[in-house]
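Peer 1: Quick one: this structure, given as structure tokens, is what I'll be asking you about.
The values are calculated or read from the model by the stated rules, or taken from the named source; none is laboratory data. Here the structure is a predicted model, which is why all the values come from computation and not from measurement. When we count neighbours, we look across all protein chains shown, and the Cβ atoms used for this are built from the backbone with ideal geometry, even at glycine.
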Amino acid sequence: MEIHQVHGKQGLQWILSGFYLFRKAPLAWVFVCFTLMLIAMAMSFIPLLGKFVFTLISPAFLAGIMLGCKDMEQGKPIELKHLFIAFKTNPAPLITIGGIYLIGQILIIGLVMLIGGSQMTDMLLYEKRVDESELMGVMSSMLTSSLIALTLSIPLMMASWFSPLLVIFHNVPPVAAMQRSFFACLKNFIPFQLYGVTLIVLTVLSLIPYGLGLVILIPTIFTSIYVSYKDIFLAEPLRFNNGLSESDNQKTSWADADESSTKENETKAESNNTENKTLKLSETVPCAQCNLSVPRNEAIEDQEKFFCSEEHRQQYQATNKPGK
């Protein structure tokens, strides 16, 4: 499976295409994401263990949502069952990815506490007050620890970004999936920079109106992950209705409309010609000799005049010869 390098502007296109996918079924997306948030909040009430368990199974939730995105491309609706469908197909590799991510987080937190020292740990965990003389040292250690945590968390996130999708769509083993995900993000570092900066700005804007913007932003983030996967690993945009992209569908519908319009015009023209012929055949004309009305298709035409019989035509020519 080839990892494609895309243009930097694609980082913004992933968000736009993700929003388009969300807009196709906004209520269903809000319901699915709201249910996922309720599960996360419910598990957070379990001290320490709940957060660990949710981190462990979160790749399975993500994989199920990605299956929902794929079904939407095929014209099927996204439903709540998509949130749990990956637990029935191949949960073990997905939970393995969650386990690796969880171990990585624990190691990073342990390293941060080791560098920050016991004073920073006591201040953060137990809210212990620090003397003013020690405050500058604690703040310096906290800043250093934060930078180290961020530096180590980014590669861990890169390794986990596409790995659930590679497992659920391509049956790639967990460790290999995380390796490919890391190199895919590294190879497309510039698009991901634009993608990340844009999401930060949108998050700030979403929080302004009492956080209501998150109702749209959270589903859009999920759908943008699916769009970025298709762009990098499959080198294709979103496709709807039997493998046609949105623009292709629009062109096809225009072409079908033009074709049907042409056929309709041809049918109308044929109908009008037939009607005209019928009218001409059923039309009556007067005989130039005796003024008797006869059907046009039965009349004898001579020099734009009509006659009811050959005899009257000859009589009319004999009577109206030049010079008489």
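Peer 1: For the list (1) in contact with a Gly (Cβ under 9 Å, 6 or more places away or on another chain); (2) over 22 Å from M66 (Cβ atoms); (3) not charged (D, E, K, R), I need the number of the one condition that F222 fails.
Peer 2: Among (1) in contact with a Gly (Cβ under 9 Å, 6 or more places away or on another chain); (2) over 22 Å from M66 (Cβ atoms); (3) not charged (D, E, K, R), the lone unmet condition for F222 is (2).
Peer 1: Turning to a different aspect of this structure: Take G50 and tell me if it is surrounded by fewer than 20 Cβ atoms within 10 Å (Cβ to Cβ), outside any helix (DSSP H, G or I) and of a type outside the set (A, V, I, L, M, F, W, C).
Peer 2: no
Peer 1: Moving on. Considering every residue within the range 223-232, establish whether at least one is modelled with pLDDT of 85 or more and touching a His at 6+ places or on another chain (Cβ under 7 Å).
Peer 2: Yes, because at least one residue in the range 223-232 is modelled with pLDDT of 85 or more and touching a His at 6+ places or on another chain (Cβ under 7 Å).
Peer 1: Scan the range 216-236 and tell me whether some residue there is farther than 26 Å from V167 by Cα, out of contact with any helix residue (DSSP H, G or I) (no Cβ under 6 Å at 6 or more places or on another chain) and part of a helix (DSSP H, G or I).
Peer 2: The answer is yes; a qualifying residue exists.
Peer 1: Also, quick follow-up: Does at least one position in the range 27-35 carry a residue that is assigned by TED's automatic domain parsing to the domain that holds V167 and among the polar types (S, T, N, Q)?
Peer 2: yes
Listed here are the residues, each with its yes/no results for (1) within 30 Å of A28 (Cβ to Cβ); (2) in contact (Cβ under 8 Å) with a residue 60 or more places away in the chain; (3) not assigned by TED's automatic domain parsing to the domain that holds M113.
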| residue | (1), (2), (3) |
| --- | --- |
| M142 | no, no, no |
| L150 | no, no, no |
| I154 | no, no, no |
| M158 | yes, no, no |
| A176 | no, no, no |
| P191 | yes, yes, no |
| I200 | yes, no, no |
| Y210 | yes, no, no |
| F222 | yes, yes, no |
